[in-house]
Structures are given as structure tokens and as C-alpha cells.
Amino acid sequence: CPDFLTGWNVVDFDIMVSQERCTRLNVPFALGLTPGGRIVASERRSQPTLARIPGRAVIDAMSMVRTHYQTLEQYSLDFVAATVLGERKTITKPPTR
């Protein structure tokens, strides 16, 4: 496991999906250096969901933009990249799932 986990919506999607699949498959959710990783949902919608993973730093770029940067009309990666950087994602349409 890396010491640093980051991505766009990494907590509310990537890590949450991993945790749910581990639970469904009866496999320990062990992303940290020691057991005990968990998702901490905020009681307020304005506060981000947090991932507590022992020995790892988790930075969710979308949460950072929402809480510390600016208010945007949408928070998709493509929209934020176009607004902030003036560039679009190379792949704009997700592959068939």
C-alpha cells in the first residue's frame, strides 16, 4: 500500500466502494499499516466524508476544491479542470461499465 492516497472523489467513491466490496466478500478492509481503517461520514452535508486509514494520508481533491477553493456549479473533474486550468479531460466519456 502507498503511504499517500489521493484522487478525485477518492473517499466517497474509490475507498467507499473498496470497503463495501471487502465487507460483501468477507475480506478485511486493510488499507492501513494496522487494522482499523474506516469511512467517517459527516453529520452535515457541508462537511466532507473522511477516510481514516492508519499510517496513510488520504487527500480527496474534490473535497479540497469544495471546501477550500471556490463554489462551482458542478464538481465533475472535467468541469473543474476546464474552469480552474482552462483544460478539459482527455477522456470525456466513460467507457461502458
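Counting only residues that are at pLDDT 85 or above and closer than 18 Å to Val65 by Cβ, how many does region 16-55 have?
0
Which count do you get for residues in region 45-90 that are among the polar types (S, T, N, Q) and more than 30 Å from Leu33 (Cβ to Cβ)? Explain how you work it out, then say what you get.
Applying the first criterion (among the polar types (S, T, N, Q)) to region 45-90 yields 46-47, 49, 63, 67, 70-71, 74, 76, 83, 90.
Those left that are additionally more than 30 Å from Leu33 (Cβ to Cβ): 46, 70-71, 74, 76, 83, 90.
Number satisfying all stated conditions: 7.
Consider only pairs whose beta carbons are under 8 Å apart and that are at least six residues apart or on different chains; among these, list those whose first residue lies in region 4-27 and is open to solvent by less than 80 Å² (accessible area, probe 1.4 Å) and whose second residue is hydroxyl-bearing (Ser, Thr, Tyr).
Close Cβ pairs (under 8 Å, with a partner that is hydroxyl-bearing (Ser, Thr, Tyr)) amount to Val11/Thr49; Val11/Ser63; Asp12/Thr49; Met16/Thr49.
Among the numbered criteria (1) at pLDDT 85 or above; (2) over 10 Å from the mean Cα position of the chain (by Cα); (3) within 26 Å of Asp78 (Cβ to Cβ), which single criterion is violated by Gly7?
(2)
The values are calculated or read from the model by the stated rules, or taken from the named source; none is laboratory data. Because the structure is predicted, anything quoted here is derived from the model rather than measured. All Cβ positions, even for glycine, are placed from backbone atoms using ideal geometry, and neighbour counts span all protein chains on display. Please note that ligands, DNA and RNA were not included when accessible areas were found on the heavy atoms of the full protein model with its side chains. Shrake-Rupley method; radii C 1.70, N 1.55, O 1.52, S 1.80 Å.
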